Amino acid sequence: MTVTDLFRLDGRVAVVTGASSGLGVAFAQALAEAGADVVLGARRAEKLADTARLVEAAGRRAVTVATDVSDPESCTALVDAAMAELGKVDVLVNNAGVGTAVPATRETPEQFRQVIDVNLNGCYWMAQACGRVMQPGGSIINISSILGITTAGLPQAAYSASKAGLIGLTRDLAQQWTGRKGIRVNAIAPGFFESEMTEQYPEGYLELMRGRIPMARKGDPQELAATVVFLASDAAGYVTGQTWAVDGGLTIT
Ligand code: NAP
């Protein structure tokens, strides 16, 4: 076996939430290219079918399940479908997320709760459902954000709290499951990548942020997908409980 073989995911089954748009599509495609069959969850079933075609074009099997990650029963149903159709779950990419930017004095309890429900609680329900069936060698990858580590000029209390909470969740699940169950748990903190979420930014915002990024550009989703494949694979066999910033250096400025 060569070191590049360690990055392969042949015969593995990966679950990707938020696979109907943006980064989740890139993650599903990359995992399939690395050899995994992929189970796709999000609310918009018709868009999941588009992602499924990309997975199949890479020669892998795809299963789509309309899923609302804020509902624990829906998360269980997604994992049940993975087990029924593909027999196991080796990798979970907790990617579903919503973004908001609301000044703290104006944010309603409903707005705050909705972001926490999807971005933090949803990841926990998914991790619980997968953690119950995953075998040793499993890998959970939580998509946090640089907003879990630093600030970036917009009022994002709910989003930042959810993403910082996800880093804490990552650490704790790694501590609970790595030794006892052989499941590695890591997080990725992306910087700025084009997606439906970043289309909602105020005009000029991304240009302004560029000045804070040592690489002076947005990331390419493939640069993030490569980190997902690495953390999913045996190449990261000694990596657990960590948060990987993939941000062009933004968090060091
Ligand atoms: P996006 O294009 O808006 O994708 C978000 C995904 O989450 C969609 O597939 C959406 O699908 C899904 N989703 C939202 N609510 C859901 C729910 N209740 N249940 C199930 N799925 C749900 O944005 P993105 O940029 O690709 O975001 C992906 C992840 O990366 C998020 O966690 C985000 O916080 C994180 N992130 C992104 C960036 C960036 O620059 N793009 C930076 C840092 C972190 P449906 O609407 O079909 O449910």
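Laid out as a table, the results:
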{"quantity": "In order through the range 5-13: 3J(HN,Hα) via Karplus (6.51 cos²θ - 1.76 cosθ + 1.60), integer Hz, x for Gly, Pro", "calculated": "4, 5, 7, 6, 10, 4, x, 8, 10"}
{"quantity": "Under 12 Å, Cβ to Cβ, from Val15 - net charge with Lys/Arg +1 and Asp/Glu -1", "calculated": "-2"}
{"quantity": "Amide H contacts under 5 Å for Thr243, placed H, 5+ residues apart", "calculated": "Ala187"}
{"quantity": "The range 159-253: GluC sites (Glu not before Pro) in DSSP loop, at most 15 other beta carbons within 10 Å", "calculated": "Glu194, Glu203"}
{"quantity": "Percent accessible area from carbon and sulfur atoms, the chain, protein chains only, probe 1.4 Å", "calculated": "52 percent"}
{"quantity": "Per residue accessible area in Å² of the chain, where ligands, DNA and RNA are left out and the probe is 1.4 Å", "calculated": "45 Å²"}
{"quantity": "Degrees separating the helix 221-232 axis from the principal Cα axis of the chain, which is the longest one", "calculated": "50 degrees"}
{"quantity": "Helical mean residue ellipticity (222 nm; -39500 (n - 2.57) per DSSP H run of 4+; nearest 500) of the chain", "calculated": "-13000 deg cm²/dmol"}
{"quantity": "Spatial extent of the range 4-245: Rg and Dmax, with the Cα atoms as the point set, Å", "calculated": "16.9, 52"}
{"quantity": "Summed side-chain charge close to Val25 - residues other than Val25 whose Cβ falls under 13 Å, Lys, Arg +1, Asp, Glu -1", "calculated": "-1"}
{"quantity": "Estimated vicinal HN-Hα couplings, Hz - the range 161-170 in sequence order (Karplus 6.51, -1.76, 1.60; Gly, Pro = x)", "calculated": "5, 5, 6, 5, x, 5, 5, x, 4, 4"}
{"quantity": "Packing-based order for 25-34, 39-48, using average beta carbon neighbours within 10 Å, highest first", "calculated": "25-34, 39-48"}
{"quantity": "Long-range amide H partners of Gln156 with built H, under 5 Å", "calculated": "none"}
{"quantity": "Principal-axis tilt of helix 22-33 within the chain, Cα atoms, nearest 10 degrees", "calculated": "30 degrees"}
{"quantity": "Flagged links, alpha-carbon separation over 27 Å, of Lys88/Lys181; Lys181/Lys218; Lys47/Lys163", "calculated": "Lys181/Lys218"}
{"quantity": "Potential extension, Thr2-Tyr205 segment - 0.36 nm per residue separation minus Cα distance", "calculated": "68.7 nm"}
{"quantity": "Nonlocal amide H pairs with Leu92, under 5 Å, H built at 1.01 Å", "calculated": "Val15, Ser139, Ile140, Ile141"}
{"quantity": "Distance from the range 8-55 to the range 178-253 (C-alpha centre basis), Å", "calculated": "18 Å"}
{"quantity": "Neighbourhood net charge (14 Å Cβ-Cβ; Lys/Arg +1, Asp/Glu -1) for Arg171", "calculated": "+1"}
{"quantity": "Calculated FRET value between Met83 and Ala216, using beta carbons and R₀ = 30 Å, to 0.05", "calculated": "0.10"}
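The values are calculated or read from the model by the stated rules, or taken from the named source; none is laboratory data. Predicted model only: the values in this text are computed from it and were never measured. Reconstructed Cβ throughout: ideal geometry from the backbone, glycine too, with neighbour counts over all protein chains shown. Remember, those area values only see protein heavy atoms, side chains included, never the ligands or the DNA or RNA. Shrake-Rupley method; radii C 1.70, N 1.55, O 1.52, S 1.80 Å.
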